[in-house]
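Chemist: Okay, handing you the structure first.
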Amino acid sequence: MRRAALLLIIFLLSGVPVVNQSGQVTEEAGIEWVKFDLPKDSIRNFVGQLDNSQSLEDRPLIAHSRLGIHDSSGILFEHEIPEELLVSRSDLRLVLISTEFRFAEVRAEISEQNGVEVREFIAPSGLLVQGTQAGLSRLVDVTGVASVQSVPLAMVVDYSVMNADLSTPVRIESWRADALLPGVDISDNWGMRLHQELE
């Protein structure tokens, strides 16, 4: 009963109008007060734009690939890799993007370089890049690139194939863009060309 009475008093008091004292502002020496009213619902009409260029991403300087964890010092393999698949692919590099730069901006700059193509995003800070020797050698000069590493053959070979015998049928696929590419044809400004076809 006591609670009900208390609630009733609260409800009654909440309906009592509060005296508007906004017009009774006393003037202080040296301060000029200006009173203005905002139109109804004016706050709902405010429109803003997020400036992405002013904020950095919260991501570590590593890349998690199917082989393991890549950092600025190399790769830590999660599984044992056959020795013959540790040989580096001469046309591939793994690029780590600095955490002091926006990932999308550095990726776009790499894509504009002659003689290279970005093939895969390797979260959270890595890119798999394919290209000519001249194109790949200039990746270290791109602003925002923290590390450029060689890529072992095992990166593009499925685990089931690593332990298969010679009689096991194997399907070979090309890189994917919007669709499966028929092959690779990358040229640079130094007269070098990377050409690969699936037959």
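Chemist: Any idea which of 135, 126, 191, 144 is at positive phi and buried (at least 16 other Cβ atoms within 10 Å of the Cβ)?
Modeler: Details: 135 fails: at positive phi; 126 fails: at positive phi; 191 fails: buried (at least 16 other Cβ atoms within 10 Å of the Cβ).
Testing whether each residue is at positive phi and buried (at least 16 other Cβ atoms within 10 Å of the Cβ) leaves just 144.
Chemist: Being surrounded by 14 or more Cβ atoms within 10 Å (Cβ to Cβ), touching a strand residue (DSSP E or B) at 6+ places or on another chain (Cβ under 8 Å), in a loop (DSSP other than H, G, I, E, B) and in contact (Cβ under 8 Å) with a residue 60 or more places away in the chain, is that true of even one residue in region 164-179?
Modeler: So far as region 164-179 goes, no, none of its residues is surrounded by 14 or more Cβ atoms within 10 Å (Cβ to Cβ), touching a strand residue (DSSP E or B) at 6+ places or on another chain (Cβ under 8 Å), in a loop (DSSP other than H, G, I, E, B) and in contact (Cβ under 8 Å) with a residue 60 or more places away in the chain.
Chemist: In addition: Looking only at region 129-147, which residues are part of a strand (DSSP E or B) and touching a Phe, Trp or Tyr at 6+ places or on another chain (Cβ under 8 Å)?
Modeler: If the condition is that a residue be part of a strand (DSSP E or B) and touching a Phe, Trp or Tyr at 6+ places or on another chain (Cβ under 8 Å), then 130 is the only one that fits.
Chemist: Would you pick out the residues in region 80-104 that are touching a strand residue (DSSP E or B) at 6+ places or on another chain (Cβ under 9 Å) and part of a helix (DSSP H, G or I)?
Modeler: The answer is 85, 103.
Chemist: Output the residues belonging to region 163-198 that are in contact with a helix residue (DSSP H, G or I) (Cβ under 8 Å, 6 or more places away or on another chain) and either more than 25 Å from residue 95 (Cα to Cα) or small (Gly, Ala, Ser) (or both).
Modeler: Across region 163-198, the qualifying residues are 168, 170.
Chemist: Does region 148-160 contain any residue that is within 24 Å of residue 190 (Cα to Cα), surrounded by 19 or more Cβ atoms within 10 Å (Cβ to Cβ) and either in contact with a Pro (Cβ under 8 Å, 6 or more places away or on another chain) or not aliphatic (A, V, I, L, M) (or both)?
Modeler: From region 148-160, those within 24 Å of residue 190 (Cα to Cα) are 148-151; that's our starting set.
Cutting the leftovers down to surrounded by 19 or more Cβ atoms within 10 Å (Cβ to Cβ) gives us 149, 151.
Retained after the next criterion (residues that are either in contact with a Pro (Cβ under 8 Å, 6 or more places away or on another chain) or not aliphatic (A, V, I, L, M) (or both)): 149.
Checked against the condition, which is being within 24 Å of residue 190 (Cα to Cα), surrounded by 19 or more Cβ atoms within 10 Å (Cβ to Cβ) and either in contact with a Pro (Cβ under 8 Å, 6 or more places away or on another chain) or not aliphatic (A, V, I, L, M) (or both), region 148-160 yields at least one hit.
Chemist: Might you let me know whether region 114-131 holds any residue that is charged (D, E, K, R) and under 20 Å from residue 57 (Cβ atoms)? Even if it seems obvious, please write down each step before you answer.
Modeler: Looking only at region 114-131, we keep the residues that are charged (D, E, K, R), and these are 117, 119-120.
From the residues that got through so far, the ones that are under 20 Å from residue 57 (Cβ atoms) too are 120.
Yes, there is a match, as at least one residue in region 114-131 is charged (D, E, K, R) and under 20 Å from residue 57 (Cβ atoms).
Chemist: Pick from 113, 49, 21: which is within 18 Å of residue 130 (Cα to Cα) and either modelled with pLDDT under 90 or outside any strand (DSSP E or B) (or both)? Can you show your working first?
Modeler: Details: 49 fails: within 18 Å of residue 130 (Cα to Cα); 21 fails: within 18 Å of residue 130 (Cα to Cα).
Only one candidate passes the filter, namely 113.
The values are calculated or read from the model by the stated rules, or taken from the named source; none is laboratory data. Bear in mind the structure is a predicted one, so any value in this text is a computation, not a measurement. Heads up, the Cβs are rebuilt from the backbone with ideal geometry, glycines too, and the neighbour counts pull from every protein chain shown.
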